[in-house]
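A.B. asks: Structure in structure tokens, see below.
The values are calculated or read from the model by the stated rules, or taken from the named source; none is laboratory data. No experiment lies behind these values; they were computed from the predicted model shown. Every residue, glycine as well, gets a Cβ built from its backbone with ideal geometry; the counts of neighbours run over all protein chains shown. What goes into the accessible areas is simple: the full protein's heavy atoms, side chains included, and nothing from ligands, DNA or RNA. Shrake-Rupley method; radii C 1.70, N 1.55, O 1.52, S 1.80 Å.
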Amino acid sequence: MTAEDADLIVHLASQGKIRMHLTLTPQKLPDETGYNVIADLKGSEHPEEIVVVSGHLDSWDLGTGAIDDGAGIVIAMETAEILQRLHLRPARTLRVIAWMDEETGGAGSRAYSSEYSNNFIHHIAAIESDSGAAHPLGFEVKAAPAAINALRPVQTVLLSTGASVLQPTADAPGADISAMADAGVPAFGVMQDGRTYFNYHHTAADTLDKIVPTELREMPPQWLFWHTPWLT
């Protein structure tokens, strides 16, 4: 139920008893073939070592998926685009992944794990953005304490942006990177201001006009990448 409909029900209920008729139409259609989209910016010194920056392609068909998760795809792509624009060549390979089928079972991430799990030992870190497009607050981090301590200088760099939180978590901070997180790959999720996120989440209201360009430009994955020696 959308936030607008919930508000309407609350308003009507304040005036007396209400009756509702719900017509529910969800259905599970047969599976079709879909694909992850993967692009590598090869590392200059350790190209075999990989840092994943990602979002997911699919969305609920009620809306266009601008917030969930077109914004996450843009954030991931922008990390590579800015590095290219500034002629910065990371020591390790930056892998941008647009995951398929996060919403209805995670077939894209399972396919990636099936193909690359033997190489997870060479995955240095994985970042997923799947929390909308609002102002960033920092990162959720599933990693060893020593790795989190190595990120402390990044907090100082990001302090002026208001995105300096490093919040340890015992759970994978992203559905598509959960297999990597469970295998011990340091995993990050972008924390964002979520006060209006669920006004639009999985509804027909999830459209491009809900994204504030200035807030989208504040997203910090590229900062994390630039200022962390064990990532770059």
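A.B. asks: Report whether or not residue 136 is farther than 21 Å from residue 203 by Cβ and touching a Leu at 6+ places or on another chain (Cβ under 7 Å).
C.D. replies: No: the conditions fail for residue 136.
A.B. asks: Run down 131, 109, 117 and say which single residue is crowded, with 17+ Cβ neighbours inside 10 Å, part of a helix (DSSP H, G or I), in contact (Cβ under 8 Å) with a residue 60 or more places away in the chain and of a type outside the set (Phe, Trp, Tyr). Can you show your working first?
C.D. replies: Values: 131 fails: part of a helix (DSSP H, G or I); 117 fails: crowded, with 17+ Cβ neighbours inside 10 Å.
Checking each option against the conditions leaves just 109.
A.B. asks: Given the options 170, 183, name the one that is open to solvent by 40 Å² or more (accessible area, probe 1.4 Å) and touching a Phe, Trp or Tyr at 6+ places or on another chain (Cβ under 8 Å). Full working, then the answer.
C.D. replies: Details: 170 fails: touching a Phe, Trp or Tyr at 6+ places or on another chain (Cβ under 8 Å).
Within the list 170, 183, the selection yields 183.
A.B. asks: Within the range 81-93, is there a residue that is closer than 30 Å to residue 29 by Cβ and either modelled with pLDDT under 90 or aliphatic (A, V, I, L, M) (or both)? Can you show your working first?
C.D. replies: Taking the range 81-93 as the starting set, the residues that turn out to be closer than 30 Å to residue 29 by Cβ are none.
Checked the range 81-93: no residue is closer than 30 Å to residue 29 by Cβ and either modelled with pLDDT under 90 or aliphatic (A, V, I, L, M) (or both).
A.B. asks: Filter the range 61-79 down to the residues that are crowded, with 20+ Cβ neighbours inside 10 Å and more than 16 Å from residue 132 (Cβ to Cβ) and list them by number.
C.D. replies: 79 - this is the single residue of the range 61-79 that is crowded, with 20+ Cβ neighbours inside 10 Å and more than 16 Å from residue 132 (Cβ to Cβ).
A.B. asks: Can you report the number of residues in the range 137-154 which are open to solvent by less than 10 Å² (accessible area, probe 1.4 Å) and of a type outside the set (A, V, I, L, M)?
C.D. replies: Number satisfying all stated conditions: 2.
A.B. asks: What residue, of 196, 156, is of a type in the set (Ser, Thr, Tyr), at pLDDT below 95 and within 30 Å of residue 25 (Cβ to Cβ)?
C.D. replies: Working: 156 fails: within 30 Å of residue 25 (Cβ to Cβ).
Testing whether each residue is of a type in the set (Ser, Thr, Tyr), at pLDDT below 95 and within 30 Å of residue 25 (Cβ to Cβ) leaves just 196.
A.B. asks: Would you confirm, using the coordinates I've provided, whether residue 58 is free of Cβ contacts under 8 Å to residues at least 60 places away in the same chain, open to solvent by less than 40 Å² (accessible area, probe 1.4 Å) and more than 20 Å from residue 188 (Cβ to Cβ)?
C.D. replies: Working: free of Cβ contacts under 8 Å to residues at least 60 places away in the same chain: yes; open to solvent by less than 40 Å² (accessible area, probe 1.4 Å): yes; more than 20 Å from residue 188 (Cβ to Cβ): yes.
Yes, satisfied.
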